[in-house]
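Below is one structure, written out as structure tokens; comments come after it.
The values are calculated or read from the model by the stated rules, or taken from the named source; none is laboratory data. These numbers come from a predicted model, not from an experiment. Quick reminder, even Gly has a Cβ in these numbers, built from the backbone with ideal geometry, and neighbours come from all protein chains shown. Heads up: the accessible areas ignore ligands, DNA and RNA and are worked out on the full protein's heavy atoms, side chains in. Shrake-Rupley method; radii C 1.70, N 1.55, O 1.52, S 1.80 Å.
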Amino acid sequence: MRVIHTIAELRQALAGQQRTAFVPTMGNLHEGHLSLVREAARRGGPVVVSIFVNRLQFLPHEDFDQYPRTLARDCELLAPAGCDIVFAPSESELYPEPQAYKVQPPAALADLLEGEFRPGFFTGVCTVVMKLFQIVQPAVAVFGQKDYQQLAVIRGMVRQFALPIEIVGHATVRADDGLALSSRNGYLQPAERVEAIALAQSLRQLAAGARDGAATLASIEAAAADSLRARGWVPDYLTLRRRSDLLPPTDAERLAGEPLVALGAARLGQTRLIDNLEL
Ligand code: PAF
């Protein structure tokens, strides 16, 4: 496995490759990332994993400085998972000048849910992913379904810019107790780590109520948020959405079996967690 830090060297290493498989990450890797890498290896090769903490997708008060940078350990995990090349550019390599050209996803998809609570987040994600796609030129790229809205936004970007890249969504990997694996789980205090499973439980509560004709969507969502609040969480959203466009279903759609997804984001102490459940 090679570790490459510059765009020029990466382009040279990948010259002539037709089936490059790509997994973009911000590092601090866990089993969830490694399952994306194994999926990438099944679908193509060489497998390139980028590790880059992208300043553009962090709000000023967020954890950009604190975000763990663990390149040596990440590389130890990546080699046995089937990664051929780690692309770990410095900030000045990827953004040698302020990134003034940006990819602006549509407000209808990007300004709700995560975008409502993290304004500009998806512009930052799309801009860096578009740039990484131009550099790596993969045939296939694998993203985790844990970041459900991010996956939808990236799929839309690839479709509308006619990028010749197959986007693969990979199932969320969970700990034994059901907590979705996330780099931010590392911020949890031991008691919070035990409590953290309540977010997935509240998504199951939403799913259980989803087809209840006697309840309104608002009452189902309020009950799930209240249960989390009672346990000391601060929910940003707990909601049932249409899988197709992440907008709220009408009652008729909800009761007629429209494919839905339960999505949640909530803060436990200092840590903000997100999760989702398709139903
Ligand atoms: O999902 C992530 O880790 C990031 O949003 C991504 C896709 C690597 C872009 O920085």
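Within region 1-23, restricting attention to residues that are part of a strand (DSSP E or B) and open to solvent by less than 30 Å² (accessible area, probe 1.4 Å), which residue is nearest to the ligand (Cβ to nearest atom)? Working first, answer last.
Pass one, region 1-23, residues part of a strand (DSSP E or B): 2-4, 21-23.
When the remaining residues are screened for being open to solvent by less than 30 Å² (accessible area, probe 1.4 Å), the result is 4, 21-23.
Numbers: Ile4: 17, Ala21: 15, Phe22: 10, Val23: 9 Å.
For region 1-23, the residue satisfying everything is Val23.
Could you please give the count of residues in region 98-123 that are closer than 12 Å to Gln149 by Cα and crowded, with 17+ Cβ neighbours inside 10 Å?
9
Can you find a residue in region 62-84 that is in contact with a Pro (Cβ under 8 Å, 6 or more places away or on another chain) and within 25 Å of Leu10 (Cα to Cα)? Even if it seems obvious, please write down each step before you answer.
Initial filter on region 62-84 (in contact with a Pro (Cβ under 8 Å, 6 or more places away or on another chain)): 84.
Narrowing the set further to residues that are within 25 Å of Leu10 (Cα to Cα) leaves 84.
Yes, that holds for at least one residue.
Condition (residue is open to solvent by 20 Å² or more (accessible area, probe 1.4 Å), within 12 Å of the ligand (Cβ to nearest atom) and on the phi < 0 side of the Ramachandran plot) applied to region 30-40: is it met by at least one residue?
Taking region 30-40 as the starting set, the residues that turn out to be open to solvent by 20 Å² or more (accessible area, probe 1.4 Å) are 30-31, 33, 38-39.
Retained after the next criterion (residues that are within 12 Å of the ligand (Cβ to nearest atom)): 30, 33.
Adding the requirement that they be on the phi < 0 side of the Ramachandran plot leaves 30, 33.
Within region 30-40, one or more residues are open to solvent by 20 Å² or more (accessible area, probe 1.4 Å), within 12 Å of the ligand (Cβ to nearest atom) and on the phi < 0 side of the Ramachandran plot.
Condition (residue is in a helix (DSSP H, G or I), aliphatic (A, V, I, L, M) and either modelled with pLDDT under 95 or more than 13 Å from the ligand (Cβ to nearest atom) (or both)) applied to region 50-67: is it met by at least one residue? So that I can check it myself, show each step before the final result.
If we filter region 50-67 for residues that are in a helix (DSSP H, G or I), which is where we start, we get 55-57.
Restricting the remaining residues to those that are aliphatic (A, V, I, L, M) gives 56.
Among the residues that remain, those that are also either modelled with pLDDT under 95 or more than 13 Å from the ligand (Cβ to nearest atom) (or both) are: none.
No: zero hits.
Applying the selection to region 174-222, what residues are within 17 Å of Arg254 (Cα to Cα), over 23 Å from the mean Cα position of the chain (by Cα) and part of a helix (DSSP H, G or I)? Explain how you work it out, then say what you get.
Of all residues in region 174-222, those within 17 Å of Arg254 (Cα to Cα) come to 203-222.
If we keep only those that are over 23 Å from the mean Cα position of the chain (by Cα) too, we end up with 208-220, 222.
Within region 174-222, Ala208, Gly209, Leu217, Ala218, Ser219, Ile220, Ala222 meet the criteria.
Please specify each residue of region 140-165 satisfying the condition of being within 15 Å of the ligand (Cβ to nearest atom) and among the charged types (D, E, K, R).
Within region 140-165, Lys146, Asp147, Arg155 meet the criteria.
Checking Asn276 against (1) at pLDDT 95 or above; (2) loosely packed, with under 13 Cβ neighbours inside 10 Å, which single condition isn't satisfied?
For Asn276, the failing item is (2).
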